[in-house]
1. What pairs come up if the first residue lies in region 153-165 and is assigned by TED's automatic domain parsing to the domain that holds Glu188, the second is assigned to a helix (DSSP H, G or I) and among the acidic types (Asp, Glu), and their beta carbons are under 9 Å apart, counting only those six or more places apart or on different chains?
2. Scan region 199-211 for residues that are surrounded by fewer than 20 Cβ atoms within 10 Å (Cβ to Cβ) and under 14 Å from Asp365 (Cβ atoms) and report the count.
3. Taking the condition of being of a type outside the set (D, E, K, R) and either over 17 Å from Ile359 (Cα atoms) or surrounded by fewer than 13 Cβ atoms within 10 Å (Cβ to Cβ) (or both), how many residues in region 287-307 meet it?
4. Scan region 81-120 for residues that are surrounded by fewer than 21 Cβ atoms within 10 Å (Cβ to Cβ), in a helix (DSSP H, G or I) and among the aliphatic types (A, V, I, L, M) and jot them down.
5. Determine if region 310-323 includes at least one residue that is out of contact with any Cys (no Cβ under 8 Å at 6 or more places or on another chain) and either surrounded by fewer than 13 Cβ atoms within 10 Å (Cβ to Cβ) or not assigned by TED's automatic domain parsing to the domain that holds Glu272 (or both).
6. Since Gly126 meets every condition but one in (1) farther than 24 Å from Thr82 by Cβ; (2) at pLDDT below 90, which condition does it not meet?
7. What do you reckon, is Arg278 part of a strand (DSSP E or B) and at pLDDT 95 or above?
8. If I ask for residues that are over 14 Å from the mean Cα position of the chain (by Cα) and either within 20 Å of Tyr111 (Cβ to Cβ) or at pLDDT 90 or above (or both), which ones from region 136-159 would you list?
Amino acid sequence: MKIKSGLAIVAGLALFGFSFAASAQFVSPGSILKQSKVRVPKPEPTANPQPTASTATASQAPTPSGSFSVMHQAHMGQVVFTRTDLDRDRITEAALASSFNLGDPIFFRVYMREPTAAHLAPRLPGKSPYWVSRATRYKAIFTVGGQVVETHFRIWGKAGDHETWTTWRGELLSRAERFQPGTEVFREFLSRATRRGLMGPGTHQIKLEIVPYAINIDGDVNYNGSSNEAPVATGDVVATGEFTLTVKPGAYAKSDPKICAPAAAPSNPALEQQILSRARSQWTRPEAPPVRVTLTYGGWNFNRHPISGAVIDRNIDTVIMSRGKDYCDFQAYSYVQPNVGGFSVANSSFTSEPHNWFIPCSCLD
């Protein structure tokens, strides 16, 4: 499901991750650009790297990345889980795990029978393997308590990766600061499951299925699109895994940035209420109204004119948390007050990173 931003905002640059400290620079009155490094997963090295589709000739067609390992052969068509992040050649049977507590690091590896582009190709006649690779996305389908929760991975991988990869890794939850596929789907699963009254205290058996699909990239192989776009072709389940997850009382701690919202700065109740009131007055997503504001940066940033030095506005980083019928989520904003002879609440606005992040609805209880 596509989750749109709740506010009519001034667009900012992407901020991929959970650290929201702002750095202001002059652009125009009432606007701000956020600067950050985008974290993206890096492809794993192979013993004999294959040319990508952008460089390969007809005689150098990409091939699956390496022969199937003993682990791959033993777990073909499976998702396996580990407590630590292991490279393809370091994972062993002894490292596999099948039970976790909510809050524990949970890593996974997908073992497929063929590259995804080859799997989807029969459903996309006339499309080149490179086109299919660029169009490839993945669903993560969780089943718990007899109920199915369908989620979508965000875009990952470089051009040509899905032509060659038969195995890839990710994480459902970790304490690391780098991004790998999986964190976003696990957060969405917890959000939608807790909204349905699932995943409360107790031990739960969870099944995870990986399903590839392709979106229409309109003939432009450089088009990234969105994981939320309607599929033009959907594959079969390419890998399945199961694990048990124990949720202890108090596991949904509001102060835990890996379970709930990002780490908070010292609270300022009056300012938080002011931001919440302003957000409610401008909200464009009635199906998921804002219910809480948390500051994520300790003070105001001041945006000055580069020539005169006059203060144009001030801004502070915050997250706005929402509760909808089917999910709960948050989005990071900079709350901006223009300087019009004084900092104006009535003319205040928001800039945003482009992503909503799901959170368990239990975090808002």
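1. Phe153/Glu184; Arg154/Glu184
2. Selection size over region 199-211: 2.
3. Selection size over region 287-307: 10.
4. Once the filter is applied, which keeps residues that are surrounded by fewer than 21 Cβ atoms within 10 Å (Cβ to Cβ), in a helix (DSSP H, G or I) and among the aliphatic types (A, V, I, L, M), region 81-120 yields Ala94, Ala95, Ala118.
5. Yes, there is a match, as at least one residue in region 310-323 is out of contact with any Cys (no Cβ under 8 Å at 6 or more places or on another chain) and either surrounded by fewer than 13 Cβ atoms within 10 Å (Cβ to Cβ) or not assigned by TED's automatic domain parsing to the domain that holds Glu272 (or both).
6. (2)
7. The answer is no for Arg278.
8. Once the filter is applied, which keeps residues that are over 14 Å from the mean Cα position of the chain (by Cα) and either within 20 Å of Tyr111 (Cβ to Cβ) or at pLDDT 90 or above (or both), region 136-159 yields Thr136, Ile141, Phe142, Thr143, Val144, Gly145, Gly146, Gln147, Val148, Val149, Glu150.
The values are calculated or read from the model by the stated rules, or taken from the named source; none is laboratory data. What you are looking at is a predicted structure, and each value in this text was computed from that prediction instead of being measured. Here the Cβ is made from the backbone with ideal geometry for all residues, glycine too, and neighbour counts use every protein chain on show.
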